[in-house]
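A.B. asks: Below is the structure I would like to discuss, written out as structure tokens.
The values are calculated or read from the model by the stated rules, or taken from the named source; none is laboratory data. Just so you know, these numbers come straight off a predicted model, no measurement behind them. All Cβ positions, even for glycine, are placed from backbone atoms using ideal geometry, and neighbour counts span all protein chains on display.
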Amino acid sequence: MRYIRILVVILFMASLGLCGAAKIRERAGEDPTKPVITNENGELEISTSYVESDLLEGLKAQDEKDGDLTDQIMVGNFSQFIEPGVCNLSYVVFDSSNQAATLTRRVKFTDYQSPEFSLSSPLVFAESREDNAMDYIRAGDQIDGDISSLVKLLDSSINYRTAGDYEVHVQVTNSLGDTVEATLPVHIVEASRISTEIHLIQGIAYIKKGDEFRPEDYIDYIEDIDGNRLDTDTVSIASGVNTAEGGTYEVHYQTEGDAGRGETWLTVIVRGIEGETPDE
């Protein structure tokens, strides 16, 4: 009796398999061909400020049964860069039988720049104050936007308890695999020497090799210890920036007079090659 039951189960499963195979053959007979995506433009050149319709330019999708499926093409993910500013992008489309067609093409960003570091405040700290330079270092990217959370500390020579000039070496990578590093100057100053605050419009300036650089344009305002605004003409400027050579430079701003003494620094990064952040 037991063997009879087993035989019945085997025959039942076999009948299900034959039925399923028949259904598959039936569907294949209804729609034997997959859709096709074609690319009329070859490599796609776009701005980093693209919208999704830009990514679909030059693509068409056709299916033997369903006809034109161009408006149903879905955009996949960018690969990491295969060369500077160039990556692959994948696409997919499905027909009514749920058969898929895929395509991958090269995409070149015509205005791409590597991620840039910025500072929420200059890396100038009073001696012996509890501080952390990493709390002030930010990073932004044309593709991903704010990537400050991805900034990594590679090395640091800072001694917050002793006045002096130091460096912090940082790195950041965007979603397309572009990694940049920078060695940023850090200054620890004697607290007793600071009674006037010099505020800059930014802590790091990126300029292109050969461009004009005016350090006075980066002064926002200065104020004394009571918060009173002072004349910016009292600020003396010492700049070592050489716009003819790519590299990392500093500008020293200092004021000293009846209102007190104050100083700060601007880090200037001159891009020697487009998309490159020099590290010196």
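A.B. asks: Go through (1) within 25 Å of ILE158 (Cβ to Cβ); (2) in contact with a strand residue (DSSP E or B) (Cβ under 8 Å, 6 or more places away or on another chain) and name the single condition SER192 misses.
C.D. replies: Answer for SER192: the failing condition is (2).
A.B. asks: Considering SER97, SER53, SER90, which residue is in contact with a Ser or Thr (Cβ under 6 Å, 6 or more places away or on another chain) and not aliphatic (A, V, I, L, M)? Can you show your working first?
C.D. replies: Numbers: SER97 fails: in contact with a Ser or Thr (Cβ under 6 Å, 6 or more places away or on another chain); SER53 fails: in contact with a Ser or Thr (Cβ under 6 Å, 6 or more places away or on another chain).
Result: SER90 is the single residue among SER97, SER53, SER90 that is in contact with a Ser or Thr (Cβ under 6 Å, 6 or more places away or on another chain) and not aliphatic (A, V, I, L, M).
A.B. asks: Taking the range 50-81 only, how many residues are touching a residue at least 40 places away in the same chain (Cβ under 8 Å) and either exposed (fewer than 14 other Cβ atoms within 10 Å of the Cβ) or in contact with a Phe, Trp or Tyr (Cβ under 7 Å, 6 or more places away or on another chain) (or both)?
C.D. replies: So the answer is 2.
A.B. asks: Take the residues of the range 164-222 that are within 28 Å of the chain's Cα centre (by Cα) and among the hydroxyl-bearing types (Ser, Thr, Tyr): which is nearest to THR255 (Cα to Cα)?
C.D. replies: If we filter the range 164-222 for residues that are within 28 Å of the chain's Cα centre (by Cα), which is where we start, we get 166-187, 199-215, 217-220.
Narrowing the set further to residues that are among the hydroxyl-bearing types (Ser, Thr, Tyr) leaves 166, 173, 175, 179, 183, 206, 218.
On the way: TYR166: 22, THR173: 38, SER175: 43, THR179: 38, THR183: 26, TYR206: 25, TYR218: 15 Å.
Among those that are within 28 Å of the chain's Cα centre (by Cα) and among the hydroxyl-bearing types (Ser, Thr, Tyr), it is TYR218.
A.B. asks: Which residue, of SER236, SER156, is under 28 Å from the mean Cα position of the chain (by Cα) and over 14 Å from ILE269 (Cα atoms)?
C.D. replies: None of the others qualify; the one that does is SER156.
A.B. asks: To continue, here is another question. Regarding PHE117, is this residue assigned to a strand (DSSP E or B) and either touching a residue at least 60 places away in the same chain (Cβ under 8 Å) or crowded, with 18+ Cβ neighbours inside 10 Å (or both)?
C.D. replies: Yes.
A.B. asks: Would it be correct to say that TYR206 is within 26 Å of GLY260 (Cβ to Cβ), among the hydroxyl-bearing types (Ser, Thr, Tyr) and either touching a Cys at 6+ places or on another chain (Cβ under 7 Å) or at pLDDT 95 or above (or both)?
C.D. replies: no
A.B. asks: Give GLU250, GLU263, GLU216 a once-over and let me know the one that is more than 27 Å from SER114 (Cα to Cα) and either β-branched (Val, Ile, Thr) or modelled with pLDDT of 90 or more (or both).
C.D. replies: GLU263
A.B. asks: Return the pair list, or none, for Cβ contacts closer than 6 Å from residues in the range 82-100 that are closer than 30 Å to ASP141 by Cα and in the same structural domain as GLY58 (by TED's automatic domain parsing) to residues that are of a type in the set (Ser, Thr, Tyr) and part of a strand (DSSP E or B), at least 6 apart or on different chains.
C.D. replies: ASN88/THR104; SER90/THR104; VAL92/THR102
A.B. asks: What is the number of the single condition among (1) closer than 28 Å to GLU167 by Cβ; (2) surrounded by fewer than 16 Cβ atoms within 10 Å (Cβ to Cβ); (3) more than 21 Å from the chain's Cα centre (by Cα) that ASN98 does not meet?
C.D. replies: Among (1) closer than 28 Å to GLU167 by Cβ; (2) surrounded by fewer than 16 Cβ atoms within 10 Å (Cβ to Cβ); (3) more than 21 Å from the chain's Cα centre (by Cα), ASN98 violates only (1).
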